[in-house]
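What follows is a set of notes on a single structure, which appears directly below.
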Amino acid sequence: MLKDGEKGVIRQKGKAPETYAIAPHLPCGLVTPDQLRNLADAAEKYDAAALKVTSAARIALVGITEEDVDAAWQDLGMDPGHAVGLCVRSVKACPGSNFCRLAKQDSLKMGMALDKTYHGMVLPSKMKMGVSGCKIQCAENCIKDIGLYGTPAGWTISIGGNGSARPRLADLLVEDLDFEAAQDMVAKVVAFYREHSKRERMGRMVDRLGLDAIKQGIGL
């Protein structure tokens, strides 16, 4: 029996025999036609119970048997990514200024940069990031550990949101940062979290230490 995360699997509820879901990493939810064809072909070849678009903008093949896991990954030719574990999960991003008339900043550029830097980074607890091109925040910034949204003046960053069994809305951290300054600020927040978290989500650390103390600790 495989454990969650082993060979990129997520164990599924159900009767014997044990089945699994596999969810290839799709940075910021972007997927190519060839990848979609491979997903469809693998789903049919290995008799997947369902293809499910996840809340992290992945496409999961649900109901794969253990003996088919390795072959399915080989056929897909895609990165398993990090869907479980104490690490940075997929970065969720809206279409941004390249595709949405409402966006004020390029959320896909920012999201892809953050995904490249942080996806899979091991931390004291899991971390989710969201990047939105405007204040509407289609990437659900309010329930992300670190969220960024665009305005005409730059990037606004919030921290401490989560949508778990103990939901918490994010707190505003800083506003009006340019692209590089926003990336630098995320790096400072992640470093502070790594040092000061007691195996808790970002929001619990904010509650414990206080937002002002965190701002002081990262130089705001």
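Which of the residues that make up the stretch 13-45 are touching a Leu at 6+ places or on another chain (Cβ under 7 Å) and either aliphatic (A, V, I, L, M) or part of a helix (DSSP H, G or I) (or both)?
Within the stretch 13-45, Ala21, Ile22, Cys28, Asn38, Leu39, Ala42, Ala43 qualify.
Give the residues of the stretch 118-142 that are among the β-branched types (Val, Ile, Thr) and more than 23 Å from Phe99 (Cβ to Cβ), sorted by residue number.
Result: Val122, single match.
Sort out which residues of the stretch 191-203 are surrounded by fewer than 22 Cβ atoms within 10 Å (Cβ to Cβ) and either modelled with pLDDT under 95 or out of contact with any Gly (no Cβ under 6 Å at 6 or more places or on another chain) (or both), and write them in order of number.
The answer is Ala191, Arg194, Glu195, His196, Ser197, Lys198, Arg199, Glu200.
Take the stretch 37-71 and flag every residue that is open to solvent by 40 Å² or more (accessible area, probe 1.4 Å), of a type in the set (A, V, I, L, M, F, W, C) and in contact (Cβ under 8 Å) with a residue 12 or more places away in the chain.
Listed by number, the residues that qualify are Ala49, Ala50, Leu51.
Tell me the residue from Leu169, Leu148 that is within 19 Å of the chain's Cα centre (by Cα), in contact (Cβ under 8 Å) with a residue 24 or more places away in the chain, surrounded by fewer than 22 Cβ atoms within 10 Å (Cβ to Cβ) and under 26 Å from Ala103 (Cβ atoms), please.
Criteria check complete, one pass: Leu169.
Only strands (runs of 3 or more DSSP E) wholly contained in the stretch 115-169 count here; list those with 2 or more residues that are more than 17 Å from Ala56 (Cα to Cα) and not aliphatic (A, V, I, L, M).
So the answer is 146-151, 154-159.
Considering only the stretch 83-93, I want to know if a residue exists there that is in contact (Cβ under 8 Å) with a residue 40 or more places away in the chain, assigned to a loop (DSSP other than H, G, I, E, B) and out of contact with any Gly (no Cβ under 7 Å at 6 or more places or on another chain).
yes
The values are calculated or read from the model by the stated rules, or taken from the named source; none is laboratory data. No experiment lies behind these values; they were computed from the predicted model shown. So basically every Cβ, Gly included, is an ideal-geometry build from the backbone, and we count neighbours across all protein chains shown. Quick note on the areas: whole protein, heavy atoms, side chains included, nothing else; ligands and nucleic acids left out. Shrake-Rupley method; radii C 1.70, N 1.55, O 1.52, S 1.80 Å.
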